[in-house]
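Participant: Got a structure for you, written out below as structure tokens; questions coming shortly.
Just so you know, all these numbers are worked out from the coordinates, no wet-lab data involved. None of these values were measured; they are calculated from a predicted model. Note: ideal-geometry Cβ built from the backbone for every residue, glycine included; neighbour counts use all protein chains shown.
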Amino acid sequence: MTAVSRRAVLGGAGAGLAVGAVGGVWGGRATAREEAAALPGQRRVAFHGPRQGGIVEPAQARVEWAAFDLVAGAGRDRAAGLLRDWSAAAARMAVGEPGGDGGGGIALDAGPSSLTVTFGFGASLFDKLGLADRRPPALAALPAFPGDALDPARSDGDLWVQIGADDALVAVHALRVLRRLSAGVAAPRWLMSGFARTPGTTPTPMTGRNLMGQVDGTNNPRPQDGDFAAKVFATGPDWMAGGSYAVLRRIRMLLDDWESLPADRQERLVGRRKSDGAPLSGGPDAGERTPVDLAATGPDGVLAIAPDAHVRVAAPASNGGAAMLRRGFSFHDGLSADGSPDAGLLFAAFQADPARGFVPVQQRLARGDGLSRFLRHEAGALFAVPPGAPEGGYVGQPLLEG
Ligand code: HEM
């Protein structure tokens with residue numbers, strides 16, 4: 001890897017996730033080496049840097065989320081050793097080298113495939129490690145929201161690992177390697193797999209679609225916005241400066257019911273056109289990037305974006321400016337007990353503080369979002385995602401050795 005990492009140079013690019021990706025890579029200035037790497041398998045995202053990967057980069061084709069709990073008796077030294085080992089393995093795999101033992105050789109023929117590995121700390125970790133006095137206030141338990149039916153066995157956890165890659169074998173290999181390294185220190189609590197559009201499947205990069213068929217991700221904060229960092233990255237406490245808070249939700253979609261609605265009804269519930277994601281306030285010539293006008297009315301005086309439309313209820317303007325960077329993935333895990341697809345959105349939102357991001361927005365969505373009739377929140381978690389580690393360091397080192 002050249003001295004300048006992709007993430008270090010991403011700066012003003014990376015553009016609203018998939019939207020701004022250009023040149024088949026990420027949309028930021030690629031290093032010469034990355035630009036030369038035409039094969040998707042050869043693309044790489046540096047592990048070391050001021051921020052962890054897997055936040056501002058576009059969603060990869062495949063994600064593995066894994067939560068771990070420390071085993072009884074594992075104290076701070078062993079937890080620190082695990083994060084050291086995990087970080088070292090992630091750095092190796094990010095350049096396409098074997099991660100270490102485990103993994104069964106399943107990624108031997110592949111390059112790094114834009115692998116990112118992101119580590120997070122749950123509130124319970126701080127109690128177990130005797131670090132309760134260093135737990136940030138922003139990691140306080142989220143309130144219960146109306147309609148929540150969260151399964152505790154698939155929620156929360158001491159540690160979170162997000163593995164993203166444009167090749168499923170690369171992602172699963174990384175999961176196996178990290179799992180092997182955790183033996184005797186931490187045990188898996190839950191696992192979830194998700195997917196997003198594979199880069200290169202459209203002639204030009206486009207915002208992805210979710211399993212409801214909607215263009216999803218348009219009005220995300222963008223790295224080039226002046227207030228992007230203030231919305232997404234924490235300024236403290238010391239060991240969290242430059243980190244973020246990840247709110248996760250496994251949201252099942254009642255797809256059979258949804259798909260029985262006519263398209264215009266589906267569009268009213270979101271406030272955007274299905275074909276191209278244009279806001280319903282913009283008229284026939286509007287496009288995906290046309291700004292949403294929440295005050296616009298039609299000739300009949302009726303609001304163009306309905307009072308219960310998802311984009312109205314979720315908008316920062318409706319929530320005292322609350323904002324977050326959404327970076328979700330779809331899931332499709334076979335059938336539910338009633339025979340309907342067990343499918344939906346692995347929702348992830350990164351923000352500087354959930355109290356000024358996810359919490360107020362979800363409070364309103366749970367009561368007033370027309371879309372919510374077709375959604376079930378089945379699992380959830382909140383993790384502190386520390387800043388990235390410098391070369392030679394590991395994620396969480398200032399907390400675990402501080
Ligand atoms: C399965 C569940 C969900 C689906 C299918 C969904 C879908 C969408 C779609 C299609 C858009 C419009 C395009 C865009 O700007 O990205 C959107 C916007 C948005 N969604 Fe969701 N969403 C879901 C859950 C959530 C949740 C749980 C939150 C936060 C608590 C949320 C927050 C937002 C925000 C903040 C916007 C941008 C609103 C704006 O400023 O225009 N969404 N969502």
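Participant: Determine, for THR218, THR297, THR207, the number of other Cβ atoms within 10 Å of each Cβ, and report the residues in order from fewest to most.
Facilitator: THR297, THR218, THR207
Participant: A further question follows. Say the dipole of the chain comes from +1 at the beta carbon of Lys and Arg and -1 at that of Asp and Glu; which of ALA309, PRO291, LEU261 then lies farthest toward its positive end?
Facilitator: Farthest towards the positive end: PRO291.
Participant: Could you tell me whether region 321-393 comes out rounded, prolate or oblate from its Cα gyration tensor? Rule is a ≥ b ≥ c as square roots of the eigenvalues, rounded for a/c under 1.5, then prolate if a/b exceeds b/c, otherwise oblate.
Facilitator: Oblate, since a/c reaches 1.5 and b/c is not below a/b.
Participant: What is the set of long-range amide H partners of ALA379 at a cut-off below 5 Å, with H atoms built 1.01 Å from backbone N?
Facilitator: Hits under the 5 Å cutoff: ASP151, ARG250.
Participant: Would region 260-318 count as rounded, prolate or oblate if I go by the C-alpha gyration tensor, calling it rounded below 1.5 in a/c and otherwise prolate when a/b exceeds b/c, oblate otherwise?
Facilitator: It is rounded, given that a/c, with a ≥ b ≥ c, falls under 1.5.
Participant: A further question on this structure: Taking amide hydrogens as modeled 1.01 Å from N in the peptide plane, which residues meet the under 5 Å criterion relative to VAL385, leaving out close sequence neighbours?
Facilitator: Excluding prolines and chain starts, which carry no amide H, the hits are PHE121, SER244, TYR245, ALA246.
Participant: Neighbouring Cβ atoms within 10 Å as the yardstick, rank LEU181, LEU39 fewest first.
Facilitator: Arranged by neighbour count, lowest to highest, LEU181, LEU39 become LEU39, LEU181.
Participant: Moving on to the next point. From the phi angles alone, apply the Karplus equation (6.51, -1.76, 1.60; θ = phi - 60°) to region 137-154 and give each ³J(HN,Hα) in whole Hz, x where the residue is Gly or Pro.
Facilitator: Here the 3J(HN,Hα) series is x, 5, 9, 4, 3, 6, x, 6, 10, x, x, 4, 9, 7, 7, x, 5, 10 Hz.
Participant: How long is the gain from ALA153 to ASP77 if the chain were fully straight, where each residue apart is worth 0.36 nm and the alpha carbon distance is subtracted?
Facilitator: Working: separation 76, 0.36 × 76 = 27.36 nm, distance 2.67 nm.
Contour length minus Cα-Cα distance gives 24.7 nm.
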